[in-house]
């Protein structure tokens, strides 16, 4: 059994970093056996940003859920998307799961996770941006260029890849996709001239310094998809799953909850079902190579 992460940002960062290096020697599979009384629950967060930024953003949410559910909750992540998927599907490491929509589809199919809520926001999409002082102004101008992207398995990358195909570009040929550690890294690669353009989701783009973002133009937009899901493992019983979902949805009902939502930069949460994510079946084939 692992001890819960102590309160405080520094401690939570330390716990997140521990999970990156797999310094915790207890097998994730051992966590999945049951809702063992007194065992801290493990909340897996997709490494969409660095561990420090991940903890800074989601630590208050984990604290809220710990209080609402009355059980310690450990925040964990992984060094990259592929390892996060492995820990989800093979180790069955996470009791609660915050992951990308197309990864949730796989988690449901491969490991029995069930979605209980999602971000109550607009549909998500990715964009491709380029410097205003460059020579890229239309989607077809992206052909035969170097396009920086997040992780190769990221939803934004898959959406950008499809948009390039729709524009007549060959992302497996003359048009080169260059994976970077994050959405921000993808953006700044193009901003600094290390790539010709950048693909990233609109949410991280909105957090870029407006003066910096103003030097870039949106060249293309991708298709839209359902928003970020929150799911529970198959060994989590209905009462705890309901408490988890209820604690998320109820955030809009109090000043403290609204302050937390403002910190998260989300309008709130709403309940949802697995069928909303069936649209990601084609993306799951790309991820698994099937």
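Since every read-out is calculated from the coordinates, none of them should be taken as a lab result. What you see is a predicted model, and the numbers here were worked out from it, not measured in a lab. Cβ sites come from the backbone with ideal geometry, for glycine too, and all protein chains shown count toward neighbours.
Summary table
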read-out: Pairwise FRET efficiency - residue 275 versus residue 123, Cβ, R0 = 22 Å, nearest 0.05; value: 0.90
read-out: Calculated volume of the Cα convex hull per residue in Å³ (choose from (1) 127; (2) 234; (3) 136), label; value: (1)
read-out: Relative contact order (%) - criterion: Cα under 8 Å, at least six apart; region: the chain; value: 24
read-out: Rough spin-label spacing in nm, given labels placed 7 Å along Cα→Cβ, for residue 252 and residue 83; value: 3.7
read-out: Relative contact order (%) - criterion: Cα under 8 Å, at least six apart; region: segment 126-221; value: 45
read-out: Rounded to 10°, Cα long-axis angle of helix 101-111 versus longest principal axis of the chain; value: 50
read-out: Sites residue 67 and residue 179, calculated FRET efficiency, Cβ-Cβ separation with R0 45 Å, nearest 0.05; value: 0.75
read-out: Using alpha-carbon coordinates, inclination of helix 255-264 to the longest axis of the chain, degrees; value: 40
read-out: Rounded to 10°, Cα long-axis angle of helix 238-249 versus longest principal axis of the chain; value: 50
read-out: Convex hull projection area averaged over all views, segment 126-221, Cα basis, nm²; value: 5.0
read-out: Spin-label model distance (nm) - residue 57 vs residue 110, 7 Å beyond Cα toward Cβ; value: 2.2
read-out: R0 of 45 Å, Cβ-Cβ distance residue 137-residue 90: FRET efficiency to nearest 0.05; value: 0.50
read-out: Virtual spin-label span in nm between residue 194 and residue 238, 7 Å along Cα→Cβ; value: 5.1
